[in-house]
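The values are calculated or read from the model by the stated rules, or taken from the named source; none is laboratory data. Everything numeric in this text was worked out from a predicted model, so none of it was measured. Glycine gets a Cβ as well: all are built from the backbone with ideal geometry, and neighbour counts include every protein chain shown. The accessibility values were calculated without ligands, DNA or RNA, using every heavy atom of the protein model including side chains. Shrake-Rupley method; radii C 1.70, N 1.55, O 1.52, S 1.80 Å.
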Amino acid sequence: MSARFVNLAILTLLVLELASGVGGVLVGQQGGQWMFWLHRIGGWGLACLLCWKWGIVVRSYRRHGLTPGTVFSALVKVLFLVSLGSGLLWATTGLPRLSVPLLGSWTGLSLHVAVSLALAPLLALHAAMRWQRPRRVDLASRRAALRSLGLLAAGFVLWRVQETTAAAARLCGAERRFTGSREEGSFQGNAHPVTNWLSDPVLRLDPAGWRLRVSGLVERELVLSYGEVLALADGLRQALLDCTGGWYTVQRWSGVPVVALLERADVREGARSLIVRSATGYSRRFPLSRAGELLLATRVEREPLSSERGSPLRLVAPGYRGYH
Ligand code: HEM
């Protein structure tokens, strides 16, 4: 394979990886699974290209020696290898949690995402510095088409072999959801991992002074104390919470169905969406048509929520990714 074709294929697959990686994080439902399939095929395609890329890198260092440009390229390659390696290890053997200063406990998948996102601007700079104008034969020839198809086919085959081997050998990687997340602390109430937004501190709110407010396009604005919320709490949802940090947990949550509050407040005609805003100011918007799925939970597996899990009240949004 020509160096020009290999470099172009690596760049294209890396753009595909970044797009499908970010797209995958935004997808919570099985219908978006194809995004992860693309990510897996692209990842294994990149692994195939490493053999050719290695030869190109060695020739380039022999020609240019150690310069600021080659040192920068080396940094890009190291990040690329960490990104690719962490992705492949996560999907096969699994990776242990690590403690990151100031940011707390991270799964191997969070590390993969952070390194990959850090790589994106450096990759753009590297590609601009080393850009070789593609020739027609690299893009629109029968040979280029066959090579590209061959690469995707190899990526597909390697991915399937890896999945089958991981399952047969009962490796940790085989136990992940289609989103790549691994099960942690299901049906164990407050023992499941903490779901803070990045490095937000845990708020320890006193239920006595806390209020739930329902306002907007409603006939009656509501301001409810914790006791009044508890009196309305007759809903139960078993929900799978899939955190983009690489873990998921299944719990039975009890609390107030959001529709019960909307009925009390008597939503006016014309309202189309609903914004849920937390005490930290973090908010998410939902279509009103899906309000029936949402629950404001006061308990998990019959235990009152701990502060780390959102006490006194947290939103449970089945079918959405964890950041909802
Ligand atoms: C430099 C770009 C990237 C490369 C080379 C890369 C590569 C990989 C590889 C090889 C895997 C394992 C696939 C498998 O065999 O199952 C993987 C998994 C994953 N990556 Fe990336 N990735 C990149 C960027 C990203 C980004 C930007 C995100 C998210 C924002 C992301 C999210 C994920 C997720 C969620 C998984 C788990 C899916 C699974 O377990 O199969 N990746 N990645």
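Can we say LEU171 is assigned by TED's automatic domain parsing to the domain that holds ASN7 and either closer than 26 Å to THR92 by Cα or surrounded by 12 or more Cβ atoms within 10 Å (Cβ to Cβ) (or both)? Steps first, please.
On the way: assigned by TED's automatic domain parsing to the domain that holds ASN7: yes; either closer than 26 Å to THR92 by Cα or surrounded by 12 or more Cβ atoms within 10 Å (Cβ to Cβ) (or both): yes.
Here the answer is yes, as LEU171 does meet what is asked.
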task: Could you grab me the full set of residues in region 16-30 that are open to solvent by 40 Å² or more (accessible area, probe 1.4 Å) and either modelled with pLDDT of 95 or more or more than 8 Å from the ligand (Cβ to nearest atom) (or both)?
output: LEU16, LEU18, ALA19, LEU26, GLN29, GLN30
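Going through region 14-30 one residue at a time, which ones are without any contact (Cβ under 8 Å) to a residue 60 or more places away in the chain, touching a helix residue (DSSP H, G or I) at 6+ places or on another chain (Cβ under 8 Å) and of a type in the set (A, V, I, L, M, F, W, C)? Break it down stepwise before answering.
Filtering region 14-30 down to residues without any contact (Cβ under 8 Å) to a residue 60 or more places away in the chain leaves 15-16, 19-20, 22-23.
Imposing the further condition that a residue be touching a helix residue (DSSP H, G or I) at 6+ places or on another chain (Cβ under 8 Å) reduces the set to 16, 20, 23.
The answer is LEU16, and nothing else.
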task: Just give me the residues in region 125-140 being among the small types (Gly, Ala, Ser) and either outside the structural domain of PRO68 (by TED's automatic domain parsing) or surrounded by 13 or more Cβ atoms within 10 Å (Cβ to Cβ) (or both), in sequence order.
output: ALA127
task: With the condition kept exactly as written, say whether any residue in region 144-152 is modelled with pLDDT under 90, open to solvent by 50 Å² or more (accessible area, probe 1.4 Å), under 24 Å from the mean Cα position of the chain (by Cα) and not aromatic (Phe, Trp, Tyr).
output: no
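Here's the yes/no breakdown for (1) basic (Lys, Arg); (2) open to solvent by less than 30 Å² (accessible area, probe 1.4 Å):
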| residue | (1), (2) |
| --- | --- |
| TRP247 | no, yes |
| PRO257 | no, yes |
| ARG264 | yes, no |
| ALA279 | no, no |
| TYR282 | no, no |
| ARG285 | yes, no |
- prompt: Being free of Cβ contacts under 8 Å to residues at least 40 places away in the same chain, open to solvent by 90 Å² or more (accessible area, probe 1.4 Å) and outside any strand (DSSP E or B), is that true of even one residue in region 155-163?
  reply: yes
statement: Log entry, pairs with first residue in region 290-302 being open to solvent by 60 Å² or more (accessible area, probe 1.4 Å), second being in a helix (DSSP H, G or I), beta carbons closer than 6 Å, six or more apart or on different chains, reads none
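It is to be established whether one or more residues within region 64-82 are among the basic types (Lys, Arg), open to solvent by 30 Å² or more (accessible area, probe 1.4 Å) and near the ligand (Cβ under 8 Å from one of its atoms). So that I can check it myself, show each step before the final result.
Restricting attention to region 64-82, the residues satisfying the condition of being among the basic types (Lys, Arg) are 77.
Adding the requirement that they be open to solvent by 30 Å² or more (accessible area, probe 1.4 Å) leaves 77.
Keeping just the survivors that are near the ligand (Cβ under 8 Å from one of its atoms) gives none.
Looking through region 64-82, none of the residues is among the basic types (Lys, Arg), open to solvent by 30 Å² or more (accessible area, probe 1.4 Å) and near the ligand (Cβ under 8 Å from one of its atoms).
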query: Do any residues in region 31-60 that are open to solvent by 60 Å² or more (accessible area, probe 1.4 Å) have Cβ atoms under 7 Å from those of residues that are within 10 Å of the ligand (Cβ to nearest atom), where the two are at least six apart or on different chains, and which pairs are they?
result: LEU38/LEU16; LEU38/SER20
statement: Restricting region 97-111 to residues that are within 16 Å of the ligand (Cβ to nearest atom) and without any contact (Cβ under 8 Å) to a residue 60 or more places away in the chain, the one least open to solvent (accessible area, probe 1.4 Å) turns out to be LEU111
message: I'm told THR12 meets every condition in (1) open to solvent by 50 Å² or more (accessible area, probe 1.4 Å); (2) of a type in the set (S, T, N, Q); (3) under 16 Å from GLY246 (Cα atoms) except one. Can you identify the failing condition by its number?
response: (3)
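Regarding ALA233, is this residue more than 16 Å from the ligand (Cβ to nearest atom) and either open to solvent by 50 Å² or more (accessible area, probe 1.4 Å) or assigned by TED's automatic domain parsing to the domain that holds TRP90 (or both)?
no
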message: Please go through region 125-154 and give me each residue that is farther than 13 Å from ASN7 by Cα and without any contact (Cβ under 8 Å) to a residue 60 or more places away in the chain, ordered by number.
response: LEU125, ARG136, VAL137, ALA140, SER141, ARG142, ARG143, ALA145, LEU146, LEU149, GLY150, ALA153
